[in-house]
1. Using only DSSP helix segments of four residues or longer, with each worth -39500 (n - 2.57), what per-residue ellipticity at 222 nm results for the chain after dividing by its residue count and rounding to 500?
2. What is the mean projected area of the alpha carbon convex hull for the stretch 245-328, to one decimal in square nanometres?
3. Under 18 Å between alpha carbons, and skipping anything fewer than 8 positions from Lys324 in its own chain: which aspartates and glutamates qualify?
4. Which whole number in µm²/s is D for the stretch 91-225 by Stokes-Einstein, with the Kirkwood Rh taken over Cα pairs at 20 °C and 1.002 mPa s?
5. For the stretch 20-82, state which GluC sites (Glu not before Pro) are in a DSSP loop and have at most 10 other beta carbons lying within 10 Å of their beta carbon.
6. Please calculate the 1.4 Å probe accessible area of Leu101, with all protein chains present, and give it to the nearest 10 Å².
7. State the three equivalent ellipsoid semi-axes of the stretch 128-172, derived from the C-alpha gyration tensor as the square roots of 5 times its eigenvalues, in descending order and whole Å.
8. Give, to the nearest whole percent, the P(r) tail of the stretch 1-43 beyond 15 angstrom, counting all Cα pairs.
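The values are calculated or read from the model by the stated rules, or taken from the named source; none is laboratory data. Remember, predicted model here, so these are calculated numbers, not experimental data. Note that we place each Cβ from the backbone using ideal geometry, even for glycine, and neighbour counts take in every protein chain shown. Areas reflect the complete protein model, heavy atoms only, side chains present, ligands, DNA and RNA absent. Shrake-Rupley method; radii C 1.70, N 1.55, O 1.52, S 1.80 Å.
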Amino acid sequence: MSQFPQLRMRRKRQSAWSRDLVRETRLTVADLVLTTVITDSESAEGPVPSLPGVARLGLDALVAQAREAASLGIPAIALFPHIDPSKKDGSASEALNADGLVPNAIRRLKAEVPEIGVIVDVALDPFTDHGHDGLMQGDVIDNDSTLDILARGAVILAEAGADIVAPSDMMDGRIGIVRDALDEAGHPDVMILSYAAKYASAFYGPYRDAIGTASALRGDKRTYQMDPANTEEALHEVAMDLNEGADMVMVKPGLPYLDICHRIKTEFGVPTFAFQVSGEYAMIQSAGENGWADSDRLLLETLTAFRRAGCDAVLTYGAIRAAKLLKS
């Protein structure tokens, strides 16, 4: 191989056109999923202080945002609910309300913005008064009793028109239970995006503020979410979820776990998503607002990093913003 001075790596970097020509990884609008927080309370609508640039939306505002996203070419939107605290209880009963916030949001989107895909979480934490993703027996999260309500909730979301249900609870066995329930209810084409490698992370703080679980959460989630130190365990989780019927898998959070994204994509070759979670996005936004960095460049750089690691799509609060930057 040639050496310097015959070989000059900088030659290909001299112009924008030559950098474009040899670029190895390309970020496109089609790689983005818009994450959105919705609310059933007019008083809760508006900006989330700990998540700059993000607001809780009522259903009319949600439809308007989805129309904008679709017009930019964003293929899908993921919904996360903030519900009135009076509707929360220990059994997450509101998760089974077919006329609740999320099913109604799905119906509005499918009726008014049918060209955009709708992804919905299958999780109990927005609906429990203790803030956990599963049902509690005393101070213990009970895995097996949680599975039934997750499956029933997934069917309600599918019947409302969800294209993809995304179990994010990290209970053992939930993918198989949800897949069976969907099939038995006549929804074999509804896809499952599994939060297969969801870590017990400090990066979720602003999201918990956004959906109103931060003050309610008792203890933490380390008995079911993954230890941030573990890699091989993530591969076992992915293998189990794929065997149980997951169509796609996701790593959450995103940027601190690029190595996990890369290993999953390399070893399994399946559609692999990452979630640029609230803490990650808040850091980008805060850096820009305080003049510490160019937040537009930070957003595109981090999203490109997900693609470089092997991710097929990225869930991000900045999808609309990134789409506009990519088109500019």
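1. Numbers: 11 runs with 128 residues, N = 328.
-12000 deg cm²/dmol, from helical runs alone.
2. Numbers: hull surface 23.1 nm².
Directional mean of the projected Cα hull area for the stretch 245-328 stands at 5.8 nm².
3. The qualifying aspartates and glutamates are Asp31, Glu68, Asp294, Asp296, Glu301.
4. Numbers: Rh = 15.2 Å.
My calculation gives 141 µm²/s for D.
5. Numbers: sites: Glu24, Glu42, Glu45, Glu68; in loops: Glu24, Glu45.
Sparse-neighbourhood loop GluC sites (Glu not before Pro): Glu24.
6. 20 Å²
7. Values: eigenvalues 99, 19, 16 Å².
Taking √(5λ) for each Cα gyration eigenvalue gives 22, 10, 9 Å.
8. For the stretch 1-43, the share of Cα pairs beyond 15 Å comes to 69 percent.
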